[in-house]
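Report on one structure; see the data block that follows.
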């Protein structure tokens, strides 16, 4: 819980875990098998189908690995045995009881998920499930465990409520001027104008997309340092998981699933 294996790796080791040929091929197969439902959600929300698929691919390998821990046990254990984040998990435990009242098809004694209590194909915590899950096909239920229309609608809704901008770019590869000083923003909010980043020596590479504001991302890549500009939609992905490497992996997997080249 304190040191997830993938979170302590540098980007050069983190990326191959999630952006590899097996996961790309799996994503393309998943997209093809669910194209109609995914494209309907994408048209309604502006969240491209490949990003919805990439989230599912990174989180659960397209629904194959959703966790074997009993959610009730996981949250109870963390609420009372993990002081560092006990208030958060105590809150999630309370949200779990409220959730099963709202969604009676969920059996609290049988719900399985991650060691942190996240559930289903998209790994929603109970509070996120209650707040942002959507009934994707009008059957009166919000089933994020296996019911794909609900899963797709809910992941897209999560992006929308956190500010996803339809048609806007996510990231741009950046250059660093010789002699530029290191710059590591305090957070991922895209509040730095491109002219300000250029004054610091960082600018989008030719042909890369641009947007009004960005944050600077620095990674240890396989071929040396990598610099990226993260725009508003990158920040939105990071609301799903606060790791910037996670967000870039989702973006690059989505691009590969859609048949676009990734660095």
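The values are calculated or read from the model by the stated rules, or taken from the named source; none is laboratory data. None of the values given here were measured: they were computed from a predicted structure. Positions of Cβ are generated from backbone atoms using ideal geometry, with glycine treated the same way; all protein chains shown enter the neighbour counts.
Assorted remarks:
- Of the candidates 201, 221, the single residue that is at positive phi and at pLDDT 95 or above is 201.
- Checking each residue of segment 124-136 against the condition of being in contact with a strand residue (DSSP E or B) (Cβ under 9 Å, 6 or more places away or on another chain), assigned to a loop (DSSP other than H, G, I, E, B), touching a residue at least 24 places away in the same chain (Cβ under 8 Å) and exposed (fewer than 14 other Cβ atoms within 10 Å of the Cβ) gives no match.
- For segment 144-201, a residue qualifies if it is under 16 Å from residue 225 (Cβ atoms), buried (at least 18 other Cβ atoms within 10 Å of the Cβ) and touching a helix residue (DSSP H, G or I) at 6+ places or on another chain (Cβ under 7 Å), and exactly one does: 171.
- When segment 81-116 is filtered for residues that are more than 17 Å from residue 131 (Cα to Cα) and in a loop (DSSP other than H, G, I, E, B), the ones remaining, listed by number, are 82, 105, 107, 108, 109, 110, 111, 114, 115, 116.
- Of the residues contained in segment 52-74, one or more are found to be crowded, with 23+ Cβ neighbours inside 10 Å and farther than 25 Å from residue 245 by Cβ.
- Among the conditions (1) outside the structural domain of residue 76 (by TED's automatic domain parsing); (2) in contact (Cβ under 8 Å) with a residue 24 or more places away in the chain; (3) surrounded by fewer than 18 Cβ atoms within 10 Å (Cβ to Cβ), residue 141 misses just one, which is (1).
- Members of segment 253-263 found to be part of a helix (DSSP H, G or I), touching a helix residue (DSSP H, G or I) at 6+ places or on another chain (Cβ under 6 Å) and farther than 21 Å from residue 161 by Cβ, listed by number: 253, 256, 257
- Hey, residue 219 closer than 22 Å to residue 13 by Cβ and surrounded by 13 or more Cβ atoms within 10 Å (Cβ to Cβ) or not: yes
- Condition check for residue 82 on (1) over 22 Å from the mean Cα position of the chain (by Cα); (2) closer than 20 Å to residue 146 by Cα; (3) in contact (Cβ under 8 Å) with a residue 24 or more places away in the chain: one failure, at (2).
- Members of segment 202-215 that are in contact with a helix residue (DSSP H, G or I) (Cβ under 8 Å, 6 or more places away or on another chain) and touching a residue at least 24 places away in the same chain (Cβ under 8 Å): 203, 204, 210, 211, 214, 215
- Test: residue 43 is surrounded by fewer than 18 Cβ atoms within 10 Å (Cβ to Cβ) and in the same structural domain as residue 254 (by TED's automatic domain parsing): yes
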